[in-house]
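*Asks:* Let me give you the structure first, and then I'll get to my questions.
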Amino acid sequence: MAASTLRRVLIDIGVRPDVFTSDPSQDEAYVLVDEGGWCVFYSERGQRTNEQLFDSESDACEYLLSVIARDPTTRR
């Protein structure tokens, strides 16, 4: 899965668009960013929490989808 596909899937399942981003400086959001490896974390007050690193975009997207889908605060 690519990041562009992930965005569509998340919106289709009712996740608010402000919940996820590719901008690591955005606060109060799940972040997916390529930093020489794919990085997934929650950004809060400039801090990265629960940071996970992946070799592939697909693995990172699948992980982020599972995390966001389990978080009830992400829905509209």
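The values are calculated or read from the model by the stated rules, or taken from the named source; none is laboratory data. None of these values were measured; they are calculated from a predicted model. All Cβ positions, even for glycine, are placed from backbone atoms using ideal geometry, and neighbour counts span all protein chains on display. In case anyone asks, the SASA skips ligands and DNA or RNA and just uses the protein heavy atoms, side chains included. Shrake-Rupley method; radii C 1.70, N 1.55, O 1.52, S 1.80 Å.
*Asks:* Only one residue in Val9, Val33, Val19 is within 17 Å of Arg76 (Cβ to Cβ), of a type outside the set (D, E, K, R) and touching a Ser or Thr at 6+ places or on another chain (Cβ under 6 Å), so which one is that? Spell out how you get there, then give the answer.
*Replies:* Details: Val9 fails: touching a Ser or Thr at 6+ places or on another chain (Cβ under 6 Å); Val33 fails: within 17 Å of Arg76 (Cβ to Cβ).
So the residue among Val9, Val33, Val19 that is within 17 Å of Arg76 (Cβ to Cβ), of a type outside the set (D, E, K, R) and touching a Ser or Thr at 6+ places or on another chain (Cβ under 6 Å) is Val19.
*Asks:* Evaluate region 3-22: report whether one residue or more is open to solvent by 30 Å² or more (accessible area, probe 1.4 Å), free of Cβ contacts under 8 Å to residues at least 12 places away in the same chain and assigned to a strand (DSSP E or B).
*Replies:* Taking region 3-22 as the starting set, the residues that turn out to be open to solvent by 30 Å² or more (accessible area, probe 1.4 Å) are 3-5, 7-9, 11-13, 16-18, 22.
Next, only the ones that are free of Cβ contacts under 8 Å to residues at least 12 places away in the same chain stay: 4, 8, 11-12, 17-18.
If we keep only those that are assigned to a strand (DSSP E or B) too, we end up with none.
No, every residue in region 3-22 fails to be open to solvent by 30 Å² or more (accessible area, probe 1.4 Å), free of Cβ contacts under 8 Å to residues at least 12 places away in the same chain and assigned to a strand (DSSP E or B).
*Asks:* I would also like to ask the following. Of a type outside the set (A, V, I, L, M) and under 11 Å from the mean Cα position of the chain (by Cα), is that true of Ser25? Quick ask: steps written out before the conclusion?
*Replies:* Values: of a type outside the set (A, V, I, L, M): yes; under 11 Å from the mean Cα position of the chain (by Cα): no.
Criteria not met by Ser25.
*Asks:* Then there's this: Cβ-Cβ distance below 8 Å, separation of 6 or more or different chains: which pairs start in region 41-66 with a residue that is in contact (Cβ under 8 Å) with a residue 40 or more places away in the chain and end on one that is in a helix (DSSP H, G or I)?
*Replies:* Glu57/Ala3; Cys61/Ala3; Cys61/Thr5; Cys61/Leu6; Leu64/Leu6; Leu65/Leu6; Leu65/Val9; Leu65/Leu10
*Asks:* For the list (1) of a type in the set (A, V, I, L, M); (2) within 12 Å of the chain's Cα centre (by Cα); (3) at pLDDT below 95, I need the number of the one condition that Met1 fails.
*Replies:* Result: Met1 fails condition (2) only.
*Asks:* Taking region 54-73, which residues are small (Gly, Ala, Ser) and either at pLDDT below 95 or out of contact with any strand residue (DSSP E or B) (no Cβ under 6 Å at 6 or more places or on another chain) (or both)?
*Replies:* Ser56, Ser58, Ser66, Ala69
*Asks:* Do we have Arg76 as of a type outside the set (Val, Ile, Thr), exposed (fewer than 10 other Cβ atoms within 10 Å of the Cβ) and in contact (Cβ under 8 Å) with a residue 12 or more places away in the chain here?
*Replies:* So Arg76 fits the description; yes.
*Asks:* For region 42-73, name all the residues that are assigned to a helix (DSSP H, G or I), of a type outside the set (D, E, K, R) and open to solvent by 90 Å² or more (accessible area, probe 1.4 Å).
*Replies:* Listed by number, the residues that qualify are Pro72, Thr73.
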